[in-house]
1. Mind ordering A:174-183, A:43-52 by average Cβ neighbours within 10 Å, highest first?
2. Work out the charge dipole of chain A with +1 on the Cβ of Lys and Arg and -1 on the Cβ of Asp and Glu about the Cα centre, then indicate which of A:Gly165, A:Leu129, A:Gln43 is farthest towards its positive end.
3. What number in nm² do you get for the range A:4-100 if you take the convex hull of its Cα atoms and divide its surface by four?
4. If we sort A:287-296, A:300-309 on the protection proxy, mean other Cβ atoms within 10 Å, highest first, what's the order?
5. Take the alpha-carbon centre of the range A:22-101, take the same for the range A:235-280, and report the distance between them in whole Å.
6. Which of the GluC sites (Glu not before Pro) across the range A:164-247 are loop residues per DSSP, with 11 or fewer other Cβ within 10 Å?
7. Is there a quick way to get the dipole size of the range A:239-332? I mean about its Cα centre, with the Cβ of Lys and Arg at +1 and of Asp and Glu at -1; what is the value in debye to the nearest 20?
8. Set the Förster distance to 51 Å, then compute FRET efficiency between A:His131 and A:Thr32 from the Cβ-Cβ distance, nearest 0.05.
Amino acid sequence: MHDSRLLSDQLDSLRTQLGTRGKDVPWDTIHTLSEQRRNLIRQVEDLRHQLKQGSDRIGQLKRNKEPADDQMAVLRQVREQIQSMELELRAVEEPLREHALSIPNLPHQTVPKGSHEGDNEEIRRWGDLPHFSFTPRTHFDLGEALGILDFPKATKISGARFSVGIGMGAQLERALANFMLDLHVQEHGYTEVLPPVLVNRASMTGTGQLPKFEDDAFHVPTEDFFLIPTAEVPVTNLYRDDILDTNQLPIRYVAHTPCFRREAGSYGKDTQGLIRVHQFQKVELVNFVHPEQSYDELERLTKAAETILQKLKLPYRVMALCTGDLGFSAAKTYDLEVWLPSQQHYREISSCSNFEGFQARRANIRFRTKGEKPQFLHTLNGSGLAIGRTVVAILENYQQADGSVTIPQVLQPYLHGAVSIGPSKT
RNA sequence: GGAGAGGUGGCCGAGUGGCCGAAGGCACCGGUUUGCUAAACCGGCGUAGGGUCAAACCUACCGAGGGUUCGAAUCCCUCCCUCUCCGCCA
């Protein structure tokens, strides 16, 4: 959400700056509603002023035991005017708010211009691509052959786009979660958080999932709860409606949670394996920072996520998303893409974004420097990393000619010293 | 799920129809005093919207929403949340 002053005073400039990102925004409607709102507020407040003063006078008359019936009759009229005008005001404010919430964030000036994924800019690459003396297999092929991933069983107990990890398939995810959490906590200064994975409507609105993307989330109608699509939602909302003190910043939180996504509209894409499933685990990094520090923090956050890939020795590249590929709430995003041998392609495994004040204004998260007015802080988050996709990358990059998979060295301590995954007996 | 109690400013806490945006205390900030610290004293101290060059000023907010009334923190209704006891349960 944008600053309300910006929406009333500088709507045209916002429209120009957003360019094609704002093509679905009803600019003229917003302009009209905004004008109407301002006029109505002025009138309503004026009437309320009359009512208030008149009532005070009646109070005095009554105390002096003087008659006040005439006054009361006049004020009854005033009250009725206020009531009808408030209805008008509400009829203006509700759609105005809905529309305002549907305006995407403004990209930072360093974001490459472009209309689609192909215009994203490669920032750097890391690692050597693996060479195989055989045709590398897909992760689902390997996983099923090794007996550590079972997709038919997942379909039986839940449906399409679910997975079951068995034996090393389950343990590998657990090891990865612990490895990532430990690294971020011990070396990157993050504090671990274990949040609820069911959240209310206000939280989903605060981080930008609602109202526009309600179809993407799983909903529990009996309680009006939503299953979180990412830990970003509960963790960012920890400070919804709060005013922090400057010296509390920066706040850096890491959370390991399951994530739930309906994947509506992605029919036919990545239908096999772990790449795109309804439920997956992710370690998420969430930062609350002073506005002046948010771009330094974006670099720091991205490096923290990259460290995981480097320690796992998985080749990847860093992409700066172009204006056309940027998410709704983000001002700037770096995607980390890991190499997948079976696809001969880099695939997204982490997305690190600076939201500037966009989420903070929606979620009303502010900070105060002593003696100054509260102001909105900046929020950032990034995956560090998506665990399911990390499993995909490990299986594919570490596969051997005999169908076994070597375990990355840094994970071995988390797996009781196991060095490789071979075919299981059961 | 059943029964009861309660939600007031950063915190504690008074306030049951007007003189209440809200006493008092704590915390915090500025000042006076004091050999230092402490104490004492004086003053300041919420958020948002409108308005203004800026101010003055105006409006709203006592869990949320609605109602009664000339006037609501206070009365009525609905909802949410917290706490206590019982039941159930990892």
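1. Ranked by mean Cβ neighbours within 10 Å, highest first: A:174-183, A:43-52.
2. Value: A:Gln43.
3. 7.0
4. Working: A:287-296: 18.6, A:300-309: 21.9.
Highest-to-lowest ranking by the protection proxy: A:300-309, A:287-296.
5. 41
6. A:Glu223
7. Using only the charged Cβ atoms, the result is roughly 580 debye.
8. 0.20
No lab work stands behind these numbers, since they all come straight from the coordinates. Bear in mind the structure is a predicted one, so any value in this text is a computation, not a measurement. Using ideal geometry, Cβ is built from the backbone for each residue, glycine included, and neighbour counts are taken over all protein chains shown.
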